[in-house]
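K.L.:
Input: one structure, supplied below.
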Amino acid sequence: MMSNTITNRYDLLPFVSKRNSLYLVLLIALVAYYAAVSRSYFSTTLSSSSSSTTSTSSSSSGADSSAFLRSSTSIGRKNKIEKKNAHKTTRLGDRTYIDCIPEMCSVKNVCFDATDRKFVILIPPGLPAPAQLNELTNAMLGRLLGPDVHFAAYSKIEKEETSKFLNYTFQDEVYALQYIEPNIVNHGHVFGDHVVSLFQAHLHFGLDYPISATNVIILGDSAERNIHRRQFGFVFDPLPLSDTDLANQMGSFCFQHLLVSGASWAYADSRTRPISPLMFGLLRDHIRDRFEITDSDYLPLSSRSSGAPPAALNVRVPTKDLATAEHGSYISNIPQIFNYIENTYPQAQRLETFTLSNMTVQEIARAYSTTHVMIAQPGSDIMMAFLLPDFATLCVVNRFIEGKLRRSNEIAIWLRFLPHVSVQDMGDESWADPENPQFATLVPIQPQFNDACLADAFSRWTQITAN
């Protein structure tokens, strides 16, 4: 039997009750990291391109360019600003029309050509030749948007290519473009790899635009598209469209801002990118605000300050629809676990299972946000664990897939970055259910499971409510 406490910061309760102070420190660290990444990347990859861009940009018409980019900033400051930012991106005045760091881009002045479903960047005259910009977009955007992406950049003076857009009004809206492999059916990976990467892009580029109002475009069509679209509802209001939908419903149009971001900026596939606990805090706050989930719904820290403990602790187990799940793993003795908890820990008065595929995103967000002790298996069931309330416990029961024990890689990748949750990792080969050793885990409740998870979880809540 294996049992490890991955995160346990609750011996320092007086110091973590001021969550906002922690967020402030982490915010400073995150800003410093992003600045270092941008300086390092552009100093090595774009220095020669940016130098020629700067000299070319200086000769452009200030009035025409300012109008084109809708900038109210004086063009008289452009030389100083461009020299300062030459190592980072191509700029006109202080307005960026394409700004990239590894695996993430922000693009201004984009039109969608419904005829051939192509995205077109319109460049002010006098700025880099399309060949130079296309080299950049191919390097950055092509890798992020899949093999069939249609993306091009043209100078405004190329009438044949841009004339159809010159009379268009640029909509003051933000669009975000994502490419998702058609065969991905794991809703946790759609959220953890794609939805969160766009949330990160919003934070990084500091857009003065509501995150929830962003219009998401998913490239291509697939049978799994409804699964993909649903997951974006945790963060964004508009229902995501495919580029086909866009062409059929809206035709050609132009908009001010386009975001593109890759999976390495999320957390499910984050081995190549450091994760910030601050990001999880901001994401959790955004989703709770979006669905109007308040402290009174889960009573973690607020119960200590007011002296009103939770009326009952919620113990929940997320389950799968085994007919449609990517993996058929499951815990086979959940009723027995609930019976033991009910008889041993009277403060656990709500014991529930819930099936993610049968719930709306709002119901899922509320279920995780109000769970004090969660028992779950690795995979998509624990992708939303960052929503758990402060002082919650997550008991991760390792699973069996085709007779082989599969331990949680999520703990090593990102669950360790949740300082507000105690994560317990448990289960070895002896936990295979003899009646279905291929996929079923039979949890030995006493003493293993109780000692590794339940006793610690409930004693913590007893201490909290006593203070």
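No value in this document is a laboratory result; all are computed from the given coordinates. Since the model is a prediction, treat every value here as computed from it, not as a measurement. Every residue, glycine among them, receives a Cβ derived from its backbone with ideal geometry; neighbour counts consider all protein chains shown.
K.L.:
Run the quick spin-label model on LEU239 and THR344: label points 7 Å from Cα toward the beta carbon, then report their separation in nm to one decimal.
P.N.:
4.6 nm
K.L.:
Above 17 Å lies some portion of the pair distances; for the range 222-263, what is it as a whole percent of all C-alpha pairs?
P.N.:
Taking all Cα-Cα pairs of the range 222-263, the fraction more than 17 Å apart is 46 percent.
K.L.:
Label GLN446 and ASP116 with points 7 Å out from Cα along Cα→Cβ: what is the distance between them in nm?
P.N.:
Rounded to a tenth, the inter-label distance reads 7.2 nm.
K.L.:
Follow-up question, since we're still on this one. State the extension gain, in nm to one decimal, for the chain segment bounded by ALA455 and ASP321, taking 0.36 nm per residue of separation less the distance between their alpha-carbons.
P.N.:
Length gained, ALA455 through ASP321: 45.3 nm.
K.L.:
Using 0.36 nm per residue, how much length does the chain from ALA412 to LEU207 gain when fully extended, once their Cα-Cα distance is taken away?
P.N.:
Additional length available on full extension: 70.6 nm.
K.L.:
Around ASN314, which amide H atoms from residues at least 5 apart in sequence, or from another chain, sit under 5 Å from its own amide H, with H modelled in the peptide plane?
P.N.:
Result for ASN314 returns HIS372, VAL373.
K.L.:
Under 15 Å from the Cβ of THR353, count the other residues' Cβ atoms, weight Lys and Arg +1, Asp and Glu -1, and hand me the total. Let's see the in-between values first.
P.N.:
On the way: positive: ARG316, LYS320, ARG350; negative: ASP321, GLU342, GLU352, GLU363, ASP381.
So the surrounding residues net to -2.
K.L.:
Same structure again: Can you list residues whose amide H is under 5 Å from VAL174's amide H, if they're 5+ apart or on another chain and H is modeled 1.01 Å from N?
P.N.:
ASN215
K.L.:
Local charge sum around GLY328 (other residues, Cβ-Cβ under 11 Å, Lys/Arg +1, Asp/Glu -1)?
P.N.:
-1
K.L.:
To continue, here is another question. Report, by chain and number, residues whose modeled amide H sits under 5 Å from the one on TYR97, excluding near sequence neighbours (fewer than 5 apart, same chain).
P.N.:
HN-HN under 5 Å from TYR97: LEU92.
K.L.:
Can I ask one more? Please list, in order along the range 234-241, the HN-Hα scalar couplings obtained from phi with the Karplus expression 6.51 cos²θ - 1.76 cosθ + 1.60 (θ = phi - 60°), rounded to whole Hz, x for Gly and Pro.
P.N.:
Result, ordered by residue: 5, 10, 10, 7, x, 5, x, 10 Hz.
K.L.:
Give me the Å³ per residue figure for the convex hull around the C-alpha atoms of the range 346-467.
P.N.:
Residue-normalised Cα hull volume stands at 122 Å³.
K.L.:
From the alpha carbon gyration tensor of the range 404-452, can you work out the equivalent ellipsoid semi-axes (sqrt of 5 times each eigenvalue) and give them in Å, largest to smallest?
P.N.:
So the equivalent ellipsoid measures 24, 15, 6 Å along its semi-axes.
K.L.:
Okay, next question. List, in order, the whole-Hz ³J(HN,Hα) value for each residue of the range 362-374 obtained from phi through the Karplus relation with A = 6.51, B = -1.76, C = 1.60 and θ = phi - 60°; use x for Gly and Pro.
P.N.:
For the range 362-374, the Karplus curve yields 5, 5, 5, 4, 5, 5, 5, 5, 10, 9, 8, 10, 10 Hz.
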